[in-house]
Amino acid sequence: MAPGPPPGSIVVMDWHQSKDSKEYFKKIMHKEQRKLFGLLESPVMAPHSSVDTVHYKIVLCGKSGVGKTALAARLAGLKVPTMHYETTGIETTIVYWPVKLQGSGRVLFFCLQFWDCGDNVLRRFDHLLPACKEGVDAILFLFSFADRTSFDDLSNQISQWAEPPTEHVVKLVFGTKFDLFMHCDVAERDIRNFQETWGLPVLRFRGEVADGLSDVAPVLNCLVENLWHRDCTRI
C-alpha cells in the first residue's frame, strides 16, 4: 500500500466547524446528538443537494480490554459502556461522516461500517477471522497506553492479518487512553521504534470523553482521508 497522505492534504479537517457544513451535519444529528443508523438507513438530503455516498468496511483489532467497543461507540456518538465486557461475537456499528475535499470542494458522505470482534472468540472460532477479512477496506490495530501487554501484542495482531495479501488495505494503529499519564506503560521511544519497524502511523485517542463532533473529527477525518487516498491511487 502507498504511504498515507499528509494530514489535511485531501480532506478539509475543520470543515465540521464551518457554516457551509451545517446542512450536511444536521442530517446525522438529532437534538444535538448523533443519529443511530441501521444497515439499511442513510442520511436523506434535499434533491437539490444530493451527495454521493461511499461505503467502507473497517475492522477493529486488538487485545481484549483495549477499548475497541468503546472506540466504535464514541465514533458513532453512542453512549460508551461504563463497564468492560468481552464482545461475544461480531458487533457492527454504522457511522456516517460528511467531508469536503480539498481543491475540488466536493462533498461526500462516508459510510463506515465498523466490525468489532472479541479477541478471545476470534481465537476460538476459525470462521470469524475470514468473515472479518472478506471485503475489508481498513484495519485499525488498537492498544492501550495503560496496558503494556496490549502494545507488545501488536506484532501478533498485525501478523494475523498478513494473509491473504493486504497491501491495498488501509492500516492504522490507535493508542487509547494516552491522556492517562499516571498509568502510562508505553513510552514515546517505544512508539517511535514501532513506527520505524512496521511503517505504520500511530494515532492517539483520549480516555476522557468530550462532547460534540470535535471529539471524533480528527480520527474520522484521518481515516476517511487515508481511504480516499487509497482509492485515488489505485485508479
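Computed from the coordinates by the stated procedures, all read-outs in this text should not be read as laboratory data. Keep in mind that this is a model prediction, so the values were computed, not measured. Every residue, glycine as well, gets a Cβ built from its backbone with ideal geometry; the counts of neighbours run over all protein chains shown.
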Task: the stretch 82-114: number of residues that are β-branched (Val, Ile, Thr) and crowded, with 17+ Cβ neighbours inside 10 Å - done: 6
Task: Test result for LYS63, more than 28 Å from HIS229 (Cβ to Cβ) and among the basic types (Lys, Arg) - done: yes
Task: helices (runs of 4 or more DSSP H) lying entirely in the stretch 60-175 (those with 3 or more residues that are of a type in the set (S, T, N, Q) and either more than 28 Å from LEU36 (Cβ to Cβ) or out of contact with any His (no Cβ under 6 Å at 6 or more places or on another chain) (or both)) - done: 154-160
Open item on the list: When the residues of the stretch 115-144 are narrowed to those that are in contact (Cβ under 8 Å) with a residue 24 or more places away in the chain and aromatic (Phe, Trp, Tyr), which ends up surrounded by the most Cβ atoms within 10 Å (Cβ to Cβ)?
Closed with: PHE143
